[in-house]
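Notes for the one structure printed next.
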Amino acid sequence: MEGETSWINDSFDDVARNMGDFDSFSELSDEGNKDINAVSVDSILPDDILERILSYLPVASIFRAGSVCKRWHEIVSSRRFLWNFSHILSQKPWYFMFTSSDEPVGYAYDPILRKWYGIDIPCIETSNLSIASSRGLVCFMENDSRSELYVCNPITKFCRKLEDPPGLRFAAYSALAISLNRISHVYSISIVKSNEVPGNIFQWDLSIYIYNSDSRIWVTSWTEVLTGWRSGDGSVICDGILYILIYSTGSGIPESRHGLLTYNLSSRCSHSSLIKSFIPVPCPLTCGRLMNLKERLVMVGGIGKQDRPDIIKGIGIWILKGKEWQEIARMPHKYFQGFGEFDDVFASSGTDDLVYIQSYGAPALLVYDMNLRQWKWSLKCPVTKRFPLQLFTGFCFEPRLEMEP
């Protein structure tokens with residue numbers, strides 16, 4: 001058991017040191033110490049009761065609790081605690097915002113405590129990345145000549161480098177997706193690669209590669225030539241289905257600039273043609289962002305004008321039911337103005353019940369709660385003070401302690 005938990009202890013010590021430098025965590029620690037001195041909880045409660053109490057803390061407070069004393073550290077870094085913690089309290093997804101620079105710097109936003117934390121994620125060495133997340137794990141793929149691929153738990157910082165799929169380095173466009181099984185903890189990664197067919201600018205070769213963490217091998221799962229369409233950087237896995245956002249190449253294509261293809265990961269041999277699964281988008285879009293919210297496909301899109309689809313007039317959120325899109329929400333005008341009504345593209349990701357929408361040009365982060373049907377600005381990200389003239393990007397992830405790549 002000691003060998004199994006060594007990486008957990010190292011991660012807790014490392015993260016506690018890094019997070020302890022920030023005021024938000026210092027405040028939590030100071031308040032906790034006052035309560036501990038007044039009540040002497042440590043001397044009264046048996047381990048199982050103390051473990052139960054600690055398991056209800058937000059994930060940010062767990063690291064501070066692990067620094068109180070040896071007994072608390074052993075409790076919060078044990079396998080049993082990590083397992084119980086993940087099942088007792090549902091943690092809201094965090095959003096990690098970082099600079100689009102040669103040496104990215106980022107902060108993570110906790111929507112429960114409404115605070116930003118400065119954390120270092122080891123896999124982010126460049127801003128030119130494809131990023132996908134699922135149930136506490138985040139997959140990073142470098143979009144350059146190296147095309148290195150990693151799976152990481154951003155909270156514990158445990159990271160694994162994966163073998164590259166064949167032919168990835170020669171992709172004009174690539175889309176990354178990951179799906180982790182909550183019970184078995186086995187995860188699947190898909191990469192959709194698109195290259196122009198030589199001599200024909202309207203035909204694009206699309207290939208799907210699938211990786212399984214159990215077998216640790218890549219399989220070339222599908223290849224097809226699309227006419228008038230190509231894939232881009234948008235894909236997501238929901239309930240065993242891979243959804244691929246495709247873009248018009250402008251040859252005899254309907255007025256829509258975007259569409260959706262579906263690919264069943266569990267019955268790959270039954271496909272005759274991906275293009276037969278085509279689903280039109282609900283309206284002209286300037287851009288579209290796909291995400292998995294509780295195994296439901298959700299799309300956030302910039303709504304283009306009917307006569308000028310490249311000019312944004314609003315931002316909407318839709319959920320796919322069968323092959324029909326249902327509009328869930330549209331960003332109110334007061335938020336749209338503050339968000340940047342002239343930015344036709346933006347970053348957006350979500351999980352659980354939260355959708356994050358972020359401007360590339362400024363660290364403005366807007367949160368939509370699907371359950372409460374509420375829009376809310378996050379607190380201003382501290383990255384603004386350090387890098388006022390930077391571009392920004394980001395992604396959301398579940399802050400989980402027990403998941404290993």
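Screening residue 188 with (1) outside any strand (DSSP E or B); (2) touching a residue at least 12 places away in the same chain (Cβ under 8 Å); (3) not basic (Lys, Arg) gives one miss only, at (1). Total residues in region 70-96 satisfying the condition of being part of a loop (DSSP other than H, G, I, E, B) and at pLDDT 85 or above: the figure is 2.
Within region 194-209, the residues that satisfy the criterion of being in a strand (DSSP E or B), open to solvent by 20 Å² or more (accessible area, probe 1.4 Å) and touching a residue at least 24 places away in the same chain (Cβ under 8 Å) are 195, 196, 203, 204. Hey, does region 378-399 have a residue that's within 15 Å of the chain's Cα centre (by Cα), assigned to a loop (DSSP other than H, G, I, E, B) and modelled with pLDDT of 90 or more? Yes, there is a match, as at least one residue in region 378-399 is within 15 Å of the chain's Cα centre (by Cα), assigned to a loop (DSSP other than H, G, I, E, B) and modelled with pLDDT of 90 or more. Summed over region 275-298, the residues that are farther than 20 Å from residue 343 by Cβ and in a loop (DSSP other than H, G, I, E, B) give a count of 4. Selection of region 221-255 for residues being assigned to a loop (DSSP other than H, G, I, E, B) and either at pLDDT 85 or above or closer than 23 Å to residue 292 by Cβ (or both) yields 228, 239, 240, 249.
The set of residues in region 294-305 being within 22 Å of the chain's Cα centre (by Cα) and surrounded by fewer than 18 Cβ atoms within 10 Å (Cβ to Cβ) consists of 294, 295, 296.
Residues that are without any contact (Cβ under 8 Å) to a residue 12 or more places away in the chain, in contact with a Pro (Cβ under 9 Å, 6 or more places away or on another chain) and open to solvent by 40 Å² or more (accessible area, probe 1.4 Å) number at least 1 in the following strands (runs of 3 or more DSSP E) confined to region 307-374: 324-330. The residue that is nearest to residue 368 (Cα to Cα), counting only those in region 103-120 that are in contact with a Pro (Cβ under 9 Å, 6 or more places away or on another chain) and hydrophobic (A, V, I, L, M, F, W, C), is 112.
Of the residues making up region 97-106, not a single one is surrounded by fewer than 21 Cβ atoms within 10 Å (Cβ to Cβ), out of contact with any Asp or Glu (no Cβ under 6 Å at 6 or more places or on another chain) and modelled with pLDDT of 85 or more.
All conditions in (1) open to solvent by 20 Å² or more (accessible area, probe 1.4 Å); (2) under 27 Å from the mean Cα position of the chain (by Cα); (3) at pLDDT 80 or above hold for residue 56, with the sole exception of (3).
The values are calculated or read from the model by the stated rules, or taken from the named source; none is laboratory data. A quick note: this is a predicted structure, and the numbers were derived from the prediction, not measured. Glycine gets a Cβ as well: all are built from the backbone with ideal geometry, and neighbour counts include every protein chain shown. Protein only, heavy atoms only, side chains kept; ligands, DNA and RNA dropped before computing areas. Shrake-Rupley method; radii C 1.70, N 1.55, O 1.52, S 1.80 Å.
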